[in-house]
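As structure tokens, the structure follows; a few thoughts come after it.
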Amino acid sequence: MFYPPVLAYVAYLMVKHRSATLFTAANPAIVAGGFIGESKYDILQGLSGAGEYVARSSVLDGNLTTAEKMRAVKRFMADQQLTFPIVLKPNYGQRGSGVVVVRSAGVLEGCVSQASGDTIVQEYIDGAEFGVFYYRRPSEPHGHIFSVTEKKFPAVAGDGRRTLEQLILHDDRAVCAARLYCDRHRDKLSSVPADGETFPLVELGTHCRGAMFLDGRWVLTRALEERFDAIAQGFDGFYFGRFDVRVGGGLESFRAGHGFKIIELNGVTSEATHIYHPGTPLTTAYRVLMRQWRIAFEIGAENQDRDVSPTSLLTLVRLTREYAQTSRLHLGERIDPPATVPALGAS
């Protein structure tokens, strides 16, 4: 119900620019500009010049056996001096589908045994999460931060009397996603959190999986914009998209352009997600989304003038079908450990 006006505007842009897929030329370095079918790991590799500002990651070949995957994860964790928790996510995924925070060797084995496609293993960064939407026209020397989203993780507070299930059902916001939260925490629904104890319901910054999105422009500073501009310009062929970052060094350090790590970068299908801030007028949301699509087409047009060819419509259809097939095999949100769990270092 929300998107038809935006789609109508995109159709207008297609007619105006005489190309149905011009927006895919906005990011020549990313497959289809990041519309669909792009490799998350390849994108992280493209950001490798940012060094400490990118979460450490590796990729597990989907053709490996479970034992081989377990050994590969062990080597990665040892080489990077990491301990649990770690994050597993599909190399080809959207909207948080298939992303799992793994807190034990048992759950890890359950995940890798069920993962059928290429899977990214990534360090887990504790702290606040933000989405930073960036763009730069190829003709411009410097880029701009279009939007900043603060991602809040809903929680309930115990009172020493009510069960977790009762707390969820009586919370004004949590009750709206009660089915999601109750399934996620089904083993603890009958427990009674102590008075004042905070129980987190969400640990991933994805709107469709329960996170709350707020306007985060209050963190934006010149230093922060310059940092992201430098990172983006270090990725040759990237001009438009949203950085998802975790802030482990404190918010003041983040505002100064430090103390964060990029966990993901999304291309032309990114949204300026601050529009989901409660109370945002519908007309404002439409204006923001229409402006971002206009910018994507304009960047694509500039790149086309520089001999970048947009992805064909036929290729987009093929990539969409391929993703529809692979996404059915994504990991579920909950993975229970197997009955018998070998040690992480077992061969």
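The values are calculated or read from the model by the stated rules, or taken from the named source; none is laboratory data. A quick note: this is a predicted structure, and the numbers were derived from the prediction, not measured. With ideal geometry, Cβ positions are generated from the backbone for all residues, glycine too; neighbour counts draw on all protein chains shown. These area figures cover heavy atoms from the full protein model, side chains too; ligands, DNA and RNA do not enter into them. Shrake-Rupley method; radii C 1.70, N 1.55, O 1.52, S 1.80 Å.
Take residue 32 and tell me if it is touching a residue at least 40 places away in the same chain (Cβ under 8 Å) and either open to solvent by less than 20 Å² (accessible area, probe 1.4 Å) or not hydrophobic (A, V, I, L, M, F, W, C) (or both). Spell out how you get there, then give the answer.
Details: touching a residue at least 40 places away in the same chain (Cβ under 8 Å): yes; either open to solvent by less than 20 Å² (accessible area, probe 1.4 Å) or not hydrophobic (A, V, I, L, M, F, W, C) (or both): yes.
Against the criterion (touching a residue at least 40 places away in the same chain (Cβ under 8 Å) and either open to solvent by less than 20 Å² (accessible area, probe 1.4 Å) or not hydrophobic (A, V, I, L, M, F, W, C) (or both)), residue 32 qualifies.
Considering every residue within region 268-276, establish whether at least one is small (Gly, Ala, Ser) and either part of a helix (DSSP H, G or I) or free of Cβ contacts under 8 Å to residues at least 40 places away in the same chain (or both). It would help to see each step written out before you state the result.
Narrowing region 268-276 to residues small (Gly, Ala, Ser): 270, 272.
Imposing the further condition that a residue be either part of a helix (DSSP H, G or I) or free of Cβ contacts under 8 Å to residues at least 40 places away in the same chain (or both) reduces the set to none.
No, region 268-276 has no match at all.
Scanning region 156-187 for residues that are basic (Lys, Arg) and at pLDDT 95 or above, which turns out farthest from residue 98 (Cα to Cα)? Show your work before the answer.
Taking region 156-187 as the starting set, the residues that turn out to be basic (Lys, Arg) are 161-162, 173, 179, 184, 186.
Restricting the remaining residues to those that are at pLDDT 95 or above gives 161-162.
Working: 161: 35, 162: 32 Å.
Among those residues, the one meeting the criterion is 161.
Could you tell me which of the residues 12, 41 is open to solvent by 20 Å² or more (accessible area, probe 1.4 Å), under 23 Å from residue 312 (Cα atoms) and hydroxyl-bearing (Ser, Thr, Tyr)?
Details: 41 fails: under 23 Å from residue 312 (Cα atoms).
Result of the check over 12, 41: 12.
Which number in (1) open to solvent by 10 Å² or more (accessible area, probe 1.4 Å); (2) touching a residue at least 40 places away in the same chain (Cβ under 8 Å) marks the one condition that residue 51 misses?
Residue 51 satisfies all of (1) open to solvent by 10 Å² or more (accessible area, probe 1.4 Å); (2) touching a residue at least 40 places away in the same chain (Cβ under 8 Å) except (2).
Identify, by number, the condition in (1) open to solvent by less than 20 Å² (accessible area, probe 1.4 Å); (2) at pLDDT 95 or above that residue 17 doesn't meet.
(1)
Residue by residue through region 145-181, note down the ones that are closer than 17 Å to residue 211 by Cβ, touching a helix residue (DSSP H, G or I) at 6+ places or on another chain (Cβ under 6 Å) and part of a helix (DSSP H, G or I).
Residues satisfying the conditions are 168, 174, 175, 178, 181.
Select from region 161-174 the residues that are farther than 22 Å from residue 275 by Cα and free of Cβ contacts under 8 Å to residues at least 24 places away in the same chain and write down the one among them that is most open to solvent (accessible area, probe 1.4 Å). Don't jump to the end; show me each part of the working.
Within region 161-174, the subset farther than 22 Å from residue 275 by Cα is 161-171.
Next cut, free of Cβ contacts under 8 Å to residues at least 24 places away in the same chain only: 166, 169-171.
Working: 166: 77, 169: 85, 170: 128, 171: 50 Å².
Step by step, filter region 161-174, then rank; the result is 170.
Here is a list of conditions, (1) farther than 30 Å from residue 144 by Cβ; (2) in a helix (DSSP H, G or I), and residue 195 meets all of them except one; can you say which number that is?
In the conditions (1) farther than 30 Å from residue 144 by Cβ; (2) in a helix (DSSP H, G or I), residue 195 misses (2) alone.
Scan region 248-259 for residues that are under 17 Å from residue 147 (Cα atoms) and either crowded, with 19+ Cβ neighbours inside 10 Å or within 18 Å of the chain's Cα centre (by Cα) (or both) and jot them down.
254
Name the one entry in 98, 106, 158, 131 that is open to solvent by less than 20 Å² (accessible area, probe 1.4 Å) and in contact with a Leu (Cβ under 6 Å, 6 or more places away or on another chain). Give the steps one after another, and end with the answer.
Working: 106 fails: in contact with a Leu (Cβ under 6 Å, 6 or more places away or on another chain); 158 fails: in contact with a Leu (Cβ under 6 Å, 6 or more places away or on another chain); 131 fails: in contact with a Leu (Cβ under 6 Å, 6 or more places away or on another chain).
Of 98, 106, 158, 131, the one residue that is open to solvent by less than 20 Å² (accessible area, probe 1.4 Å) and in contact with a Leu (Cβ under 6 Å, 6 or more places away or on another chain) is 98.
Is there any pair linking a residue in region 63-80 that is open to solvent by 50 Å² or more (accessible area, probe 1.4 Å) to one that is assigned to a helix (DSSP H, G or I) and modelled with pLDDT of 95 or more, with Cβ under 8 Å and at least six apart or on different chains, and which?
Listed by first residue and then by second, the contacts come to 64/72.
Which members of region 134-155 meet the condition of being open to solvent by 30 Å² or more (accessible area, probe 1.4 Å) and either touching a Ser or Thr at 6+ places or on another chain (Cβ under 6 Å) or at pLDDT below 95 (or both)?
Answer for region 134-155, where residues must be open to solvent by 30 Å² or more (accessible area, probe 1.4 Å) and either touching a Ser or Thr at 6+ places or on another chain (Cβ under 6 Å) or at pLDDT below 95 (or both): 152, 153, 155.
Mind listing just one residue for me: the one in region 211-247 that is assigned to a strand (DSSP E or B) and farther than 25 Å from residue 302 by Cβ and, of those, most open to solvent (accessible area, probe 1.4 Å)? Spell out the reasoning first.
From region 211-247, those assigned to a strand (DSSP E or B) are 212-215, 240-247; that's our starting set.
Now drop any that are not farther than 25 Å from residue 302 by Cβ, which leaves 212-215, 244-247.
Numbers: 212: 45, 213: 13, 214: 29, 215: 61, 244: 11, 245: 0, 246: 12, 247: 8 Å².
Ranking the candidates gives 215 first.
Are any residues in region 188-203 closer than 19 Å to residue 99 by Cβ and open to solvent by less than 30 Å² (accessible area, probe 1.4 Å), and if so, which ones? Talk me through it step by step, then tell me what you get.
Step one: filter region 188-203 for residues closer than 19 Å to residue 99 by Cβ, giving 200-203.
Answer for region 188-203, where residues must be closer than 19 Å to residue 99 by Cβ and open to solvent by less than 30 Å² (accessible area, probe 1.4 Å): 201, 202.
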